[in-house]
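K.L.:
This is the structure, below, for whatever I ask next.
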Amino acid sequence: MAVILYYRVMEHIIRQQITAARATYTDWHEAISPQTNIHIAVMSEPFLTYVFNGKKTVESRFSLHKVAPFNKVHVGDSVLLKAGLVVGCFTVGWVKYFDLTSLPIQMIAANYNEAICGSPDFWRGKSTKRYATLVGVTKVRRLTSIAIKKRDRRGWVSIVE
């Protein structure tokens with residue numbers, strides 16, 4: 001229960017930081033609607049660069065449990081890209097959820113690998129996961145970089161009103 005409360009408090013603080021960025025920076029104001037659900041995707045290289053240069057058109061998240069973004073992200077939502085600082089965003093163009101206990105992960109790799117930009121090691125690392133969320137990446141933009149005070153280890157945070 002304490003962890004859930006901690007996450008709620010952190011999400012409230014993050015929402016305030018995003019609101020402040022919208023008020024301060026024109027690019028944030030134009031890119032992030034106050035009415036949209038917002039998500040933060042922690043990204044690493046080379047995947048962040050692939051998103052910005054258009055090579056990566058599907059963001060994928062795999063998990064053992066039904067955690068965000070599974071059943072939390074929807075078409076039209078905004079996803080902030082965090083690599084230390086929040087440096088950009090994209091709009092969710094489409095979403096697909098998979099239960100990997102009934103669908104082999106190899107089917108996802110066969111159909112989406114080029115858009116996900118996954119290596120053989122990437123797919124091997126996902127082989128024990130039970131759930132997958134695939135998100136269509138559209139309207140990618142760089143943003144004025146800001147620090148978001150996210151202190152937990154979650155790779156995806158959903159800020160849903």
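K.L.:
Could you list, in sequence order, all residues of segment 7-41 that are among the acidic types (D, E) and within 17 Å of G155 (Cα to Cα)? Working first, answer last.
P.N.:
So in segment 7-41, the residues among the acidic types (D, E) come out as 11, 27, 30.
The answer is E11, and nothing else.
K.L.:
Moving to a separate point now. Kindly list the number of the only condition in (1) over 13 Å from the mean Cα position of the chain (by Cα); (2) modelled with pLDDT of 95 or more that fails for V92.
P.N.:
(1)
K.L.:
Considering A109, A21, which residue is more than 17 Å from A132 (Cα to Cα), assigned to a helix (DSSP H, G or I) and over 14 Å from the mean Cα position of the chain (by Cα)?
P.N.:
Residue meeting the stated conditions: A21.
K.L.:
Looking at K72, K150, K129, can you tell me which residue is of a type in the set (D, E, K, R), at pLDDT below 95 and surrounded by 15 or more Cβ atoms within 10 Å (Cβ to Cβ)?
P.N.:
K150
K.L.:
Do you know which residues across segment 48-86 are under 13 Å from the mean Cα position of the chain (by Cα), in a strand (DSSP E or B), among the hydrophobic types (A, V, I, L, M, F, W, C) and within 23 Å of S145 (Cα to Cα)?
P.N.:
Scanning segment 48-86 gives V58, V79, L80, L81, A83, V86.
K.L.:
Something else: Starting from segment 63-74, keep only residues that are hydroxyl-bearing (S, T, Y), then list their pairs with residues that are surrounded by 13 or more Cβ atoms within 10 Å (Cβ to Cβ) and outside any loop (DSSP other than H, G, I, E, B) whose Cβ atoms are within a distance under 7 Å, requiring at least 6 positions of separation or different chains.
P.N.:
Matching pairs, first to second residue: S63/Y131.
K.L.:
Confirm whether K66 is within 27 Å of Y131 (Cβ to Cβ) and in contact with a strand residue (DSSP E or B) (Cβ under 9 Å, 6 or more places away or on another chain).
P.N.:
Here the answer is yes, as K66 does meet what is asked.
K.L.:
State all residues of segment 118-161 that are outside any strand (DSSP E or B), among the aliphatic types (A, V, I, L, M) and either over 17 Å from the mean Cα position of the chain (by Cα) or over 19 Å from V73 (Cα atoms) (or both); if no residue qualifies, say none.
P.N.:
As a first pass, look at segment 118-161 and keep what is outside any strand (DSSP E or B): 118-130, 147-155, 160-161.
Retained after the next criterion (residues that are among the aliphatic types (A, V, I, L, M)): 147-148, 160.
Matches in segment 118-161: A147, I148.
The values are calculated or read from the model by the stated rules, or taken from the named source; none is laboratory data. Keep in mind the model is a prediction, meaning the values are calculated, not measured. FYI the Cβ positions are ideal-geometry reconstructions off the backbone, even for glycines, and counts take in every protein chain you see.
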